[in-house]
Amino acid sequence: SSETFWTTTGMFPQEFIIGFPKCVKISKVAIQCYLVRTLRIERSVSKDPVGFQQCIEKDLQHREGQLQMEEFPLPDFQATYLRFIIKSGFDHFVSVHRVMAEGT
């Protein structure tokens, strides 16, 4: 829902995990967030959310008063779980408004 979002509790790092029913092929991940400075995305191909491997770590641009919209192409990428780690923010509190994964 565009009217909901997830917000941090004021300290970093903060993380959330998205799970799929089975291991899937992902070609692209996109995120809409606010005031995120450094974001890391990790993946797991296990049946349980363990054994994560780092895939992407990026410093995002600060967009005063606007959502940050970032896309990450992921060729030949498989995952059962994606872990998003917000390592730092431009403020004490940041928010994530949408996460999209494309693939099969």
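The phi-based Karplus calculation (6.51 cos²θ - 1.76 cosθ + 1.60; θ = phi - 60°) puts the 3J(HN,Hα) values of the stretch 76-92 at 6, 10, 10, 7, 9, 9, 10, 10, 9, 10, 8, 7, 7, x, 7, 8, 5 Hz, whole numbers, x for Gly and Pro. Placing +1 on the Cβ of every Lys and Arg and -1 on the Cβ of every Asp and Glu, with no other charges, gives the chain a dipole of roughly 260 debye about its Cα centre. Tally up the carbon and sulfur contribution to the accessible surface of the chain as a whole percent, 1.4 Å probe, everything protein left in place. Roughly 50 percent of what the probe reaches on the chain is carbon or sulfur. Solvent-accessible area per residue in the chain equals 62 Å², computed with a 1.4 angstrom probe and all protein chains kept. Compactness ratio for the stretch 1-59: Cα radius of gyration over 2.2 N^0.38 Å (N = residue count) comes to 1.26.
Given +1 at the Cβ of Lys and Arg, -1 at the Cβ of Asp and Glu and no other charges, the dipole of the stretch 9-58 around its Cα centre is 220 debye to the nearest 20. Restricting the calculation to alpha carbons of the stretch 56-102 gives Rg and Dmax of 12.4, 36 angstrom.
Straight-distance candidates among the lysines for linking to residue 47, with alpha-carbon spacing under 21 Å and chain neighbours fewer than 8 residues away dropped: 22, 25.
Positive end of the dipole of the chain, charges at C-beta (+1 Lys, Arg; -1 Asp, Glu), about the Cα centre: which of 101, 53, 17 has its Cα farthest in that direction? Farthest towards the positive end: 53.
Considering only 89, 38, 78, the residue lying farthest towards the positive end of the dipole of the chain is 78, judged by Cα position with unit charges set on Cβ. Under a Gaussian network description of the chain, with springs only between Cα atoms under 10 Å, the residue in 49, 75, 13 that fluctuates furthest is 75.
The values are calculated or read from the model by the stated rules, or taken from the named source; none is laboratory data. Please read these numbers as outputs of a predicted model, since none were measured by experiment. Here the Cβ is made from the backbone with ideal geometry for all residues, glycine too, and neighbour counts use every protein chain on show. Heavy atoms of the whole protein, side chains included, go into the accessibility calculation; ligands, DNA and RNA do not. Shrake-Rupley method; radii C 1.70, N 1.55, O 1.52, S 1.80 Å.
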